[in-house]
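The values are calculated or read from the model by the stated rules, or taken from the named source; none is laboratory data. All values reported here derive from a predicted model rather than from experimental measurement. Because the Cβ atoms are built from the backbone with ideal geometry, glycine has one as well, and the counts that use them run over all protein chains shown. Keep in mind that these areas ignore ligands, DNA and RNA; they rest on the heavy atoms of the full protein, side chains included. Shrake-Rupley method; radii C 1.70, N 1.55, O 1.52, S 1.80 Å.
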Amino acid sequence: MTTSLNKMAQSLLFTTTLQYNRILIMLTETPFRPREKLLEKQRLFQSIQRHTYLKGPMDKVTSVAIPLALAASSLYMIGTGIYNMSNGIGKKE
């Protein structure tokens with residue numbers, strides 16, 4: 001009975017060391033970017049005196065140009081709809 005308990009204790013000890021090694025490996029994994037590049041980007045974004053949503057290089061496209069294009073196209077469609085309704089164009093018979 002004591003030998004089976006010893007074997008169980010050894011197997012538990014072995015599995016906990018494996019899990020500990022797995023955690024240790026996960027903690028020492030290399031980052032996606034070098035730390036120097038990350039710190040450089042942080043300094044850049046903190047030094048820019050613009051709104052948060054306009055700080056990136058492509059943010060003007062996604063935050064300004066696309067909404068302006070959507071607004072312009074919707075105003076054009078509303079205008080043509082009002083023109084067609086006022087002149088009776090495009091009615092279904």
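Values computed for the structure shown
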{"read-out": "Positions within the stretch 45-64 being modelled with pLDDT of 80 or more and open to solvent by less than 50 Å² (accessible area, probe 1.4 Å), in sequence order", "value": "SER63"}
{"read-out": "Verdict on GLY79 being modelled with pLDDT of 80 or more, among the small types (Gly, Ala, Ser) and assigned to a loop (DSSP other than H, G, I, E, B)", "value": "no"}
{"read-out": "Where a residue in the stretch 61-74 is closer than 16 Å to HIS51 by Cβ and its partner, wherever it lies, is surrounded by 10 or more Cβ atoms within 10 Å (Cβ to Cβ) and hydrophobic (A, V, I, L, M, F, W, C), with Cβ under 8 Å and at least six apart", "value": "SER63/LEU54; VAL64/LEU54"}
